[in-house]
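Peer 1: What follows is a structure written as structure tokens; I'll ask about it next.
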Amino acid sequence: MSQQPGPLTIGFDIGGTNLRGAVVNGRGQIIDSAHVPTPDSPKGLEEGISFVVKQLRANYDVDAVGLAIAGFLDPECTMVRFAPHLAWRDAPVKEILEDHLALPVRLEHDANAAAWGEYRFGAAKDASVWALFAIGTGIGGALMINGEIYRGAFGTAPEFGHLTVVPEGRECACGKRGCLERYCSGTALEHTAKELMDSGAFGEYPPGRMTGRMVMAEAKKGDPMALAAVEQFATWLGEGLSIVADVLDPELIVIGGGVSTDAALYLDMARKEFAQRIVGSGHRPMARLSTVELGADAGMIGVADLARQLTV
């Protein structure tokens with residue numbers, strides 16, 4: 001067995017495409033990792049996780065396992081109530097996996113797991129009241145107060161992405177209309193770019209789908225339409241940040257998710273919009289804005305560290 005700073009735990013990022021597992025030491029460093037395609041049945045999910053754990057345990061002494069899940073958990077983090085891209089429904093996943101693995105298991109919402117990783121090892125070290133905006137396909141959110149993850153009464157808080165910012169606006173997959181994530185996400189960039197192309201205001205564009213990633217890439221090249229789409233994205237981000245600041249008054253807001261890698265394109269614009277829109281603008285302290293330091297690994301690192309608490 002390899003000797004590493006321990007205790008060692010495994011953190012999983014349970015996504016709709018892949019199950020990624022990583023061995024993480026007590027310093028938040030990834031030692032090794034493995035992945036398999038995400039199965040489409042509950043039994044397949046459990047077998048896939050077991051396979052990755054067995055593969056990693058062949059070389060490392062592991063004390064616990066954590067799962068970062070994009071979905072709704074119960075307040076005690078023992079059940080997966082619903083996960084849009086996974087097969088679990090009202091499933092006692094903690095109990096099932098502990099039986100499969102013969103190891104302690106910790107479940108956590110993926111945004112909370114990423115927030116914990118950043119709090120322990122990244123951009124939010126020493127922050128007392130702070131929030132995470134994880135911007136990717138949609139918006140995931142997390143809130144931490146004095147070193148504790150805030151979950152709300154039923155375990156679903158905070159849903160920053162589903163704040164209504166445009167009454168009767170764009171349809172959202174959640175069933176509402178006008179949600180923030182329909183104007184400020186990778187998917188929103190795609191939608192905004194299509195609207196701008198259809199408007200004809202920027203001339204003729206070749207037909208075909210313009211993804212959010214493509215919009216960012218074109219904005220870096222100075223394309224006027226892409227820059228206009230990013231400007232709208234930044235405006236809505238500033239609006240969302242101001243709402244969060246008015247309600248929660250955090251000292252720090254950390255931007256994460258896939259879109260955070262292109263923060264240089266929009267964060268200054270969003271900061272300016274944020275400063276103008278908060279209540280008492282110019283007469284109150286404003287939350288610092290930062291981007292994640294752990295990147296796409298924040299969730300795995302965070303949930304592995306939370307699982308480590310089960311071994312104390």
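Derivation of every value follows stated rules applied to the coordinates shown; laboratory data play no part. It should be emphasised that the depicted structure is a prediction, and the values quoted were computed from it without experimental measurement. Note that we place each Cβ from the backbone using ideal geometry, even for glycine, and neighbour counts take in every protein chain shown.
Peer 1: Taking the Cβ of K54 as the centre, find all other residues whose Cβ is under 13 Å away and add up their charges (Lys, Arg: +1; Asp, Glu: -1).
Peer 2: -1
Peer 1: Quick check: net charge around F82, other residues with Cβ under 14 Å of its Cβ, Lys/Arg +1 and Asp/Glu -1?
Peer 2: Around F82, the charge tally is -2.
Peer 1: Right, here's the next one. If R₀ is 35 angstrom, what is the calculated FRET efficiency for the pair Q55 and E195, using the beta carbon separation as r and rounding to 0.05? Can you show the working numbers first?
Peer 2: Details: r = 46 Å, r/R0 = 1.31.
Plugging the Cβ-Cβ distance into 1/(1 + (r/R0)^6) gives 0.15.
Peer 1: With just the Cα atoms defining each centre, how far is the range 144-161 from the range 163-183? Give it in Å.
Peer 2: Rounded to whole Å, the Cα centres lie 21 Å apart.
Peer 1: Let me ask you something else. On C-alpha positions alone, give me the angle between the axis of helix 186-199 and the longest principal axis of the chain, in degrees, nearest 10.
Peer 2: Roughly 20 degrees, rounded to the nearest 10.
Peer 1: Compute the helix-to-body angle for 110-121: its Cα long axis versus the longest principal axis of the chain, expressed 0 to 90° and rounded to tens.
Peer 2: Once rounded, the angle reads 80 degrees.
Peer 1: Separate question: Around G169, with a cut-off of 10 angstrom between Cβ atoms, what is the net charge of the other residues, counting Lys and Arg +1 and Asp and Glu -1? Let's see the in-between values first.
Peer 2: Values: positive: R170, K176, R177, R182; negative: E168, E171.
Taking every Cβ under 10 Å from that of G169, the sum is +2.
Peer 1: Between A229, V292, Q276, whose Cα lies farthest towards the positive end of the dipole of the range 226-312 when Lys and Arg beta carbons carry +1 and Asp and Glu beta carbons carry -1, centred on the Cα centre?
Peer 2: It is Q276.
Peer 1: While we're on this one: Report the Cα centroid-to-centroid distance between the range 59-117 and the range 199-252 in angstrom, as an integer.
Peer 2: 33
Peer 1: Rounded, prolate or oblate: which one fits the range 1-153, using the alpha carbon gyration tensor with axes a ≥ b ≥ c (rounded when a/c is under 1.5, else prolate when a/b beats b/c, else oblate)? Please list the in-between numbers first.
Peer 2: Values: a/c = 1.72, a/b = 1.13, b/c = 1.52.
Note, shape of the range 1-153 comes out oblate.
Peer 1: Just grab the label-to-label distance for A217 and E148, each label 7 Å out from Cα along the Cβ direction, in nm (one decimal).
Peer 2: Taking the simple label geometry, A217 and E148 are separated by 4.6 nm.
Peer 1: In nm, what is the difference between 0.36 nm times the number of residues separating E204 and D99 and their Cα-Cα distance?
Peer 2: 31.9 nm
Peer 1: Additional query: Fully extended, how many nm does the chain gain between D90 and D249 (0.36 nm per residue separation, minus their Cα-Cα distance)?
Peer 2: Stretched out fully, the D90 to D249 stretch lengthens by 53.8 nm.
Peer 1: Please work out the FRET efficiency for the pair A296 and K272, using the Cβ-Cβ distance as r and a Förster radius of 25 Å; give the result to the nearest 0.05.
Peer 2: Working from the Cβ atoms, E equals 0.35.
Peer 1: Further question: Is it possible to state the helix-based mean residue ellipticity at 222 nm for the chain, with each DSSP H run of 4+ residues giving -39500 (n - 2.57), the sum divided by total residues, to the nearest 500 deg cm²/dmol? What is it?
Peer 2: For the chain, the value works out to -11000 deg cm²/dmol.
Peer 1: Would you indicate which of (i) 21.2; (ii) 19.7; (iii) 20.3 is the value of Kirkwood radius over Cα pairs in Å derived from the coordinates of this structure?
Peer 2: Of the listed options (i) 21.2; (ii) 19.7; (iii) 20.3, (iii) comes from this structure.
Peer 1: Enter the angle in degrees (range 0 to 90, nearest 10) between the Cα long axis of helix 298-308 and the first principal axis of the Cα atoms of the chain, meaning the one along which they spread out most.
Peer 2: 30
Peer 1: Please check which bits of the range 255-279 a label hung off I30 would reach, taking the label as a point 7 Å along Cα-to-C-beta and the cut-off as backbone N under 18 Å.
Peer 2: 256-262
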